[in-house]
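K.L.:
Questions regarding the structure given below will be posed in turn.
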Amino acid sequence: MSQSDASLLDEVEQWSPETCRRELPSVLPKLTSLHCESDSWEEHIRILRIITHVVLPHVGLSEVEEDCFSKILPKAVLMFHRLMKDIMDQAAGLSSQNTELRDFLRTILQALVQIIDALSACVHHVCSLEEAPDLHRIRSLPTCILTVLKETFQHCKDSEVVYCGRLSLVADLLQGLFKEAYALHKSLLEVLEKVSVDSRASDEEVSDIVTVIHSLLDICSVISNLDIALHANTWKFLIKQSLKYRALVEEHLRHGDLSSSLCDNLLSSFHSCVELAEQMQLAALQDSTQSTEYKLFQKTAKMCRFFANTLVHYIKEFKYFLTKYCSRFHQVYLQILSKFPPSLSAPALPAALSGELSAAALVPMDAFLLQLLPLREFAELVLQVDLQLNPQHELPHCLLLVSVMGQLSSQPEEVLQLWFAGSRFPEETPRLPLYKAVFDRFRRCHVERKVPVLLPGVMLKGQAQVQVSLHRHICVQLCASVAALLPEHFPMLERCLIDAVLQADTQTALLATDVWCFTARYGSAELCFHHVLLVAQLVKSCPSDCYRMSHLGILLKRLVFLMTPKHQEQLVERFPPSELENRAVWQNVLFRALSQDTRLRVETHMIRLAQSALTAWKNGGYKLVHVDQVNVALLSVLSVVRGQTSVTDQLAQPAVEMLTDVWFRMSPAQVQSCSALQDTLQLLLSATAVLVKNTGPHVLSQALSCLDGVVSAACPDHLLLAALDFLSSVGKIFVPPDSQSQILPKLSGLFGLLLDAQSWLVQQRALEAFSFFAENTNHEEVISQSLCVEETKTRVVHYLSKALRTQEDGELRLQRLRDESLLLQNFLQKLESAEAVCSRPAADSEAAAASEPCPKRARQESSGEEEYSRHLQTAENALKALQVLLQGKRRSDPPPPLWLEPRLQELQTLMTHITSCTSTST
């Protein structure tokens, strides 16, 4: 710098305001030129200070950009960068011993403060003007200052790393630098608040506005951990500016960065709140409202609420520019819900802190979700056909679907169509109907159903809310949605319900059954009748040995209770119980659900059907090949008596007579060798358990003898479970003294055997059955005689006292349930796959048969020895069964038929002939 330039600077520094105004046109160009030409940062800062503090106050708004800001501010930013770089390059060597470097760094920090002070003078000058500035008149000011502010805040944020742990040597200056930057930032926002841009703004002005907004966004990412108030105020201004100039900037904003930053800040403050609450709980500070930790928690929760509400507001205003970021919004929702009960991953927080956190983060999620409902991309994401989620997010996603269902009632038709209808055209992204998605996600919450998790129930009749199971919570919400459903969406509801009933998970099928029954009750009687006919037809056509029959049977039982007497009569006409092909329908109906006249009519038909089947069996010579006729009869009897608290003599007498006839034809040996007879025995046991009070001692003795022979050998679990139901029912009756010696020892022996069963299911049911028997019986000696084995006695005592032999840790239990859940899901998928293969339409197989001839079955070669063994075994089983029948005969029983003895003699002759053939062959 020349001597004359230095003299000019000295002179200007001494000028009065009047002199400045008079000499402004000539001196300002000289000063700005000197500023641009200066190489030394000391000279630069001196000239900058003279311009901003002495000359600038006299520059008008119309000239300030062209004559001053555009010339001095870019150079000031460059000088700021250079000084900051010097610090970054040399700060690593800072130490208390290196005084020269310490003084150098402190000098540079002071220079940075002076530059910021000069920039503040520029802002204050614009603020002091009465006229509201147009952006193009100060366009260099915000961009340059925001660049300096970002670099300053970043330096303060990284100071621990930059100064290598020796921050104390420059901490006072850094603090001063931050305060100056903080004040400059606040002043700049005030200036920008006054700036006006009309709708006719040029592309250049729009670009300036967008640049300011994006620069503020960049600053927000830096100051997020520096100062809560600064961070919040910057975001408030940023969103306000975005909305103020929405029509101009909405197509130019980085909506992805803005929304992502809001999401990040929301989750960051939310997780900080959770961590603080956990720390306070560990330190037992949750009740101390004056503690530093609690005040910090409140501030962080306030920020969490601010970001949640800001995100909701931003989505509301710019939702159609945010469709690409729906996945991010979905994850935010799931992450927040996963930290609150009833989620199993939620931390256990004190009630007060949890309530404050819920108000800050959880409550705004309803409004958050409401803004996303109209977005097709969000619906397609949430309703994906095979959406894969973290196991911790399965329940939150299920609750998200339930919340969507609750908010749809206030939405327009196009939104309802989007969520309820599912995808309808091949070119659409596949999406499930909402109801199907709810059922599918409920099915995936296996662990939550087992724990079980609890949710707030609905307030009824002024009573306080109670905690209810996930099943009940979703059921109530589904029913409320069905009640408000428009008629055009009802067919889709019906399809979703039938799909849910026919899938393999029983609890999901029960949930669908509950909703279906509500639909039938809420709708018309004709609708209920239509549904009963549909379900009855499905039951009629469904194989009896599959899970679908079980689910459909439960649904049919409940729906029949909701029918009018007139429609019940029409059901009988549509599916006559006298016809064998309709037996599956009436086996799945509780007759006490029918009106008195209809019930009498059906019961009469069923008893006649049973008698007819047994008569056909008798006329056929009691052959094993016709045992299916016996099973038809027993099923008919069981259908009549099942579910009744008491059976009238008019029904009990013929039913008991039929059961007695079959019981005395049962042979344990034959049951072991014939699976159809195992079904017969199971039906006999179930029907006899209901009619045990009407059954004579001789029949009980025969039943127990047969049961003893079967249980002593290996038999399937379902047969043992039926046996236990029968044994527990015997506790309701008093055995006459003359029959006690034959019945009671068998009872105690069977109980002792089944209480020691290897299968946990049979063993548990045995404990329940024995407990029921012990509570009701008059024959206490059976109880003591059943517990001869000490281990069995101990097991029963533990069960009756509800004592747990092993205590399972909560975490271990959760892990066990998760492992079980994976196994169960795999099992259900295999079950449904196998069912799908078995239930292919008959037309397909017929078409295949017509297209190519069926191959002949390969002849099964067997050795001669196997042939002999098989035939002999059959003959031996038949003879043993006949022997049991004759030995068990009582005086009161009818005599054997007259043709029996001649037939036995014929068999004896045949045996002699076979023996002679054998000796001749050898």
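K.L.:
What residues have an amide H closer than 5 Å to that of MET563, excluding those fewer than 5 places away on the same chain, when H is modeled at 1.01 Å from N in the peptide plane?
P.N.:
HN-HN under 5 Å from MET563: empty list.
K.L.:
Could you line up CYS398, CYS674, CYS122 from fewest to most neighbouring Cβ atoms inside 10 Å?
P.N.:
Ordered from fewest to most neighbouring Cβ atoms within 10 Å, CYS398, CYS674, CYS122 come out as CYS674, CYS398, CYS122.
K.L.:
Compute the angle between helix 864-887 and the longest alpha-carbon principal axis of the chain, please, reported from 0 to 90 degrees and rounded to the nearest 10.
P.N.:
The helix 864-887 is inclined about 70 degrees to the chain.
K.L.:
Report the FRET efficiency, 1/(1 + (r/R0)^6), for ALA483 and SER595, where r is their Cβ-Cβ distance and R0 is 35 Å, rounded to 0.05.
P.N.:
Calculated transfer efficiency: 0.80.
K.L.:
Now, a different point. In debye, nearest 20: dipole of the range 413-511 around its Cα centre with unit charges on the Cβ of K, R (+) and D, E (-)?
P.N.:
540
K.L.:
Report the FRET efficiency, 1/(1 + (r/R0)^6), for HIS913 and ALA714, where r is their Cβ-Cβ distance and R0 is 45 Å, rounded to 0.05.
P.N.:
Efficiency for this residue pair is about 0.80.
K.L.:
Okay, next question. Among the aspartates and glutamates, which fall within straight-line cross-link reach of LYS299, defined as a Cα-Cα distance under 15 Å, with same-chain neighbours fewer than 8 residues apart omitted?
P.N.:
ASP227, GLU275, GLU356
K.L.:
Further question on the same structure: Please report, in debye to the nearest 20, how large the charge dipole of the range 525-589 is about its Cα centre when each Lys and Arg carries +1 at its beta carbon and each Asp and Glu carries -1 there.
P.N.:
180
K.L.:
Return the Rg/Rh value of the chain, two decimal places, where both radii are evaluated on C-alpha atoms and Rh is the Kirkwood radius.
P.N.:
1.20
K.L.:
Using 7 Å Cα-to-Cβ label points, what is the ALA247/CYS164 separation (nm, one decimal)?
P.N.:
My value for the distance between the label points is 5.8 nm.
K.L.:
Add +1 for every Lys or Arg and -1 for every Asp or Glu among the other residues with Cβ under 12 Å from the Cβ of VAL789, and state the total.
P.N.:
-1
K.L.:
In degrees between 0 and 90, to the nearest 10, how far off the longest principal axis of the chain does helix 627-641 point, with axes built from Cα atoms?
P.N.:
Between the helix axis and the principal axis of the chain, the angle is about 70 degrees.
K.L.:
Subtracting the Cα-Cα distance from 0.36 nm times the residue separation, let me have the gained length for LEU904 to ARG521 in nm, one decimal.
P.N.:
131.6 nm
K.L.:
Amide H neighbours of CYS674 under 5 Å, counting only residues 5+ apart in sequence or on other chains, H built in-plane at 1.01 Å?
P.N.:
Long-range HN contacts for CYS674: none found.
K.L.:
Sorted by average packing, counted as other Cβ atoms within 10 angstrom per residue and highest first, what order do 251-257, 195-201 take?
P.N.:
251-257, 195-201
K.L.:
Rounding to the nearest 20 debye, state how big the charge dipole of the range 1-244 is about its Cα centre with +1 on each Lys and Arg Cβ and -1 on each Asp and Glu Cβ.
P.N.:
So the dipole magnitude of the range 1-244 works out to roughly 660 debye.
K.L.:
Continuing with this model, one more query. What ranking do 789-797, 326-334 get when scored by the average of other Cβ atoms within 10 Å per residue, highest first?
P.N.:
326-334, 789-797
K.L.:
So for HIS81, HIS185, fewest C-beta neighbours within 10 Å to most, what's the order?
P.N.:
With the sparsest Cβ surroundings first, the list reads HIS81, HIS185.
K.L.:
Label ASP809 and GLU573 with points 7 Å out from Cα along Cα→Cβ: what is the distance between them in nm?
P.N.:
6.8
K.L.:
222 nm [θ] for the chain, helices only, -39500 (n - 2.57) per DSSP H run of 4+, per residue, to 500?
P.N.:
-23000 deg cm²/dmol
K.L.:
Follow-up. Can you list the HN-Hα couplings for the range 538-548, worked out from phi with the Karplus curve (6.51, -1.76, 1.60; θ = phi - 60°), rounded to whole Hz and with x for Gly and Pro?
P.N.:
Once rounded to whole Hz, the list reads 5, 4, 4, 8, 8, x, 6, 9, 9, 5, 5.
K.L.:
Same structure, new question: Which net charge results when you count Lys and Arg as +1 and Asp and Glu as -1 among the other residues whose beta-carbon is under 9 Å from that of GLU205?
P.N.:
-3
K.L.:
Looking at this model, which pairs from LYS157/LYS186; LYS194/LYS319; LYS324/LYS436; LYS75/LYS186; LYS186/LYS240; LYS316/LYS339 are more than 20 angstrom apart at the alpha-carbon?
P.N.:
LYS194/LYS319; LYS324/LYS436; LYS75/LYS186; LYS316/LYS339
K.L.:
Using Cβ counts within 10 Å as a stand-in for footprinting exposure, how do LEU767, LEU704, LEU910 rank, fewest first?
P.N.:
LEU910, LEU767, LEU704
K.L.:
From the phi angles alone, apply the Karplus equation (6.51, -1.76, 1.60; θ = phi - 60°) to the range 178-191 and give each ³J(HN,Hα) in whole Hz, x where the residue is Gly or Pro.
P.N.:
5, 4, 5, 5, 4, 5, 5, 4, 4, 5, 4, 4, 5, 5
K.L.:
Residue by residue through the range 662-676, which ³J(HN,Hα) values in whole Hz follow from phi under the Karplus form 6.51 cos²θ - 1.76 cosθ + 1.60 (θ = phi - 60°), with glycine and proline marked x?
P.N.:
Result, ordered by residue: 6, 4, 7, 9, 8, 10, x, 5, 5, 4, 5, 9, 10, 5, 4 Hz.
K.L.:
Based on alpha-carbon positions alone, could you give the equivalent ellipsoid semi-axes of the range 647-731 from the gyration tensor, as √(5λ), descending, whole Å?
P.N.:
21, 13, 11
K.L.:
Pop a pseudo-label 7 angstrom from the Cα along the beta-carbon direction at both ALA421 and TYR320 and give the gap in nm to one decimal.
P.N.:
So the two model labels end up 1.9 nm from each other.
K.L.:
Under 5 Å between amide H atoms, partner at least 5 residues away or on a different chain: which partners does VAL468 have, H built in plane at 1.01 Å?
P.N.:
LEU455, GLY457
K.L.:
Could you work out the relative contact order of the range 1-244? I mean the mean sequence separation of Cα pairs under 8 Å and 6+ apart, divided by the number of residues, in percent.
P.N.:
Averaging sequence separation for qualifying contacts and normalising by length gives 20 percent for the range 1-244.
K.L.:
Compute the angle between helix 140-157 and the longest alpha-carbon principal axis of the chain, please, reported from 0 to 90 degrees and rounded to the nearest 10.
P.N.:
60
K.L.:
Looking at this model, which pairs from LYS30/LYS179; LYS450/LYS802; LYS85/LYS150 are more than 26 angstrom apart at the alpha-carbon?
P.N.:
As for pairs spanning more than 26 Å Cα to Cα, those are LYS30/LYS179.
Laboratory data are not the source of any read-out in this text; all were calculated from the coordinates shown. Since we're looking at a predicted model, the values are computed, not measured. Counting neighbours? That spans all protein chains shown, and the Cβs are built from the backbone with ideal geometry, glycine included.
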